[in-house]
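Encoded as structure tokens, the structure appears first; notes follow it.
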Amino acid sequence: MTTSNREIVRPSRSEPFDAATLRARDFPILNQEIHGHRLVYLDNAATSQKPRAVIEAITRYYEHDNANVHRGVHTLSERATHGYETARARVQAFLGAPSVKEIIFTRGTSEAINLVASTFGHERVDTGDEVLITGLEHHSNIVPWQMLCRARGAKLTVAPIDQRGVVTPEAFAAALTEKTKLVAFSHVSNALGTINPAEQFTALARERGIPVVIDGAQAAPHLKIDVAALGCDFYAFSGHKVYGPTGIGALWGKAEHLESMPPYQGGGEMIRSVTFEETIYNTIPHKFEAGTPNIAGAIGLGAALEYVSAIGLDRIAAHEDELLQQATAAVGALPGIELKGTAPHKAGVLSFTLAAAHPHDIGTILDQRGVAVRAGHHCAQPVMEFFGVPATVRASFGLYNTSEDIEALVAGLQEVVKVFG
Amino acid sequence: MSELSDLYQEVILDHNKRPRNFRTIETPDREAKGYNPLCGDKVAVYVNLEGDRIVDVSFQGAGCAISTASASVMTEALRGMTLAEAEALFQSFHKLVTEGPLALPDDIDLGKLAVFSGVHDYPARVKCASLVWHTVRAALENQNKTVTTE
Ligand SMILES: Cc1ncc(COP(=O)(O)O)c(C=O)c1O
């Protein structure tokens, strides 16, 4: 049976926002039991589940349109190219980017950051210079800069967080020096949920003429992004965190930078002409997309962005904020709980420890009740070190989570307290 | 799937709350450290020998209930054993947590270690139980390096 004839109901702004309806109608994976309990998926910051619209777009592509892009003159190749380039335009609209030429498809946020570090970074950062990040960063926004600094003889500097898990504009400004040649920070922290004042940080750096790279992996599913308003130079995100497939993401960069940057990888697609003596590179964005791209992934990502935009990121954000408030109050009231990350502006993440039980024991007990959370260091070991814990439990919310999910989390934690109390 | 109480048996909860031999040995004959980079668990094991017999064994470290209880029960089980007996027990324990109780011959008496029979049903937790055993083995083999689960 092909799935392509099935009727897919698409969300729209005109219907009232109802997470339970979206969950039941659009997310087939959530309609299952784990260990005899309704699946409660609270690991959205690691990766989100995919709506039918995304699964269907990928299936339809493989069943009807699959071919290589930008090559053939045949119909399938034209369809594949059209699908791929339409997805690029969706990313452009999603980010508020001035030009579609500024959107580069990557494997995800990690690859996007590595791309900037190893091209733009290598040209801008020299011996004795500094690259500034913050104390909140995911390993993906630490390690590429560390590698760059090592290669160039530069220094990685860090704007510190405070006890709430906040990098204040004062702390950020104080960390900018004469030697700072590049700044990279997350829009939203994956370990704590802190929303950084990205516009303010960017302005502080730009005043000093320092280019800014923003890691938007956790912002894309929760916030309306407008790179033009932010004023940054580069913005990276991953498809799989925003209801799209894994293995696809995007980097937005200002055209003036992309034009002058050296290529990232060499191969097909990224060239205009090749002889053994010389290669003329393709125009942007293709200059940065060596090899046959993840066409189905890009099309799936386009469908995901269309899906969240149809619902409205503002409505998604408002819903998730309600869940966060509910969870913060209910979990925070349990005996022995310590919340990690109490910033006034947070998105979708509740990170905590419990005096009597290790996060891994909590994760196992919750899983037995069908509740999926993350227990660990969340690829942000410096954040864990700051709070002096090896790990936390992290519940993270998505558009399909409901109050009932939070109640299941709290009931599971009550059992943990009973077992380990 | 097994019941949660099969994993978190009373003995495990008790050893987690009140770990035995949870101390350092000032000048141990043997010692080694273990690290699980996935969850950040760290353990250090100290051993004193007389000839080839373990006369004292202790541990330090922070971890989940399974890893703490495993270390605590292990120290009780190993005291008084010869190196050969300790190696045989390591092999049995390893089989127990990776393959399950049915993989062991009938005539093997695991004693208190049998409380870890449930771990095998939780693949994500096998390393929690086995890290300290790999660590003590490194100590007994006199390898002065940090053991990791990865
Ligand atoms: C804040 C942040 N940055 C970067 C990444 C890396 O994203 P990816 O693994 O999709 O490349 C993640 C994902 O865990 C993240 O949460």
Okay, helix-only estimate at 222 nm for chain A: each DSSP H run of n ≥ 4 adds -39500 (n - 2.57), divide by all residues, round to 500 deg cm²/dmol; what do you get? -11000 deg cm²/dmol
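I'd like the GluC sites (Glu not before Pro) in the stretch A:254-333 restricted to DSSP loop residues with at most 12 other Cβ atoms within 10 Å, sorted by number.
Of the GluC sites (Glu not before Pro), the ones in loops of the stretch A:254-333 whose Cβ has at most 12 other Cβ atoms within 10 Å are A:Glu277, A:Glu278.
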Note every residue of the stretch A:346-383 with a reduction of at least 50 square angstrom in accessible area, all protein chains present versus the isolated chain, computed with a 1.4 Å probe, or write none. A:His358, A:His360, A:Asp361, A:Thr364, A:Gln368
Of A:Thr21, A:Thr402, A:Thr75, which has the most accessible area with a 1.4 Å probe, and how do the rest follow in descending order? A:Thr75, A:Thr21, A:Thr402
Nearest 10 degrees is fine. How inclined is helix B:126-140 to the longest principal axis of chain B, computing both from alpha carbons? 20 degrees
Within the stretch B:1-109, which trypsin sites (Lys or Arg not before Pro) sit in a loop by DSSP and count at most 16 neighbouring Cβ atoms inside 10 Å? B:Arg23
Any residues in the stretch B:3-29 that have 50 Å² or more less accessible area with all protein chains than in their chain alone, probe 1.4 Å, and which are they? B:Leu4, B:Tyr8
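Compute the Cα gyration tensor for the stretch A:291-421, then decide on rounded, prolate or oblate, letting a ≥ b ≥ c be the square roots of its eigenvalues: rounded whenever a/c is under 1.5, prolate when a/b is larger than b/c in the other cases, and oblate in all that remain.
prolate
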Per-residue ellipticity at 222 nm attributable to helices in chain B (runs of n ≥ 4 DSSP H, -39500 (n - 2.57) apiece, nearest 500 deg cm²/dmol) works out to -12000 deg cm²/dmol
So how do A:Tyr41, A:Tyr400 rank on accessible area, 1.4 Å probe, biggest first, that is with the largest at the start? A:Tyr41, A:Tyr400
Residue by residue through the stretch A:164-172, which ³J(HN,Hα) values in whole Hz follow from phi under the Karplus form 6.51 cos²θ - 1.76 cosθ + 1.60 (θ = phi - 60°), with glycine and proline marked x? 7, x, 10, 9, 6, x, 5, 5, 5
Which of the DSSP-defined H helices in chain A satisfy a minimum axial length of 18 Å, computed from C-alpha atoms, and a minimum mean Kyte-Doolittle hydropathy of 0.5? A:295-311, A:403-420
Please report, as a whole percent, how much of the solvent-accessible surface of the protein assembly as shown comes from carbon and sulfur atoms (probe radius 1.4 Å). 52 percent
Per its Cα gyration tensor (rounded if a/c is under 1.5, else prolate when a/b beats b/c, else oblate), chain A is best filed as oblate
Sparse-neighbour loop sites [GluC sites (Glu not before Pro); the stretch A:107-186; at most 13 other C-beta within 10 Å; DSSP]: A:Glu178
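The values are calculated or read from the model by the stated rules, or taken from the named source; none is laboratory data. In this text, all values refer to a predicted model and were calculated from it rather than measured experimentally. Glycine also receives a Cβ, built like all others from the backbone with ideal geometry; neighbour counts cover every protein chain displayed. Only protein heavy atoms, including side chains, enter the accessible area calculation; ligands, DNA and RNA are left aside. Shrake-Rupley method; radii C 1.70, N 1.55, O 1.52, S 1.80 Å.
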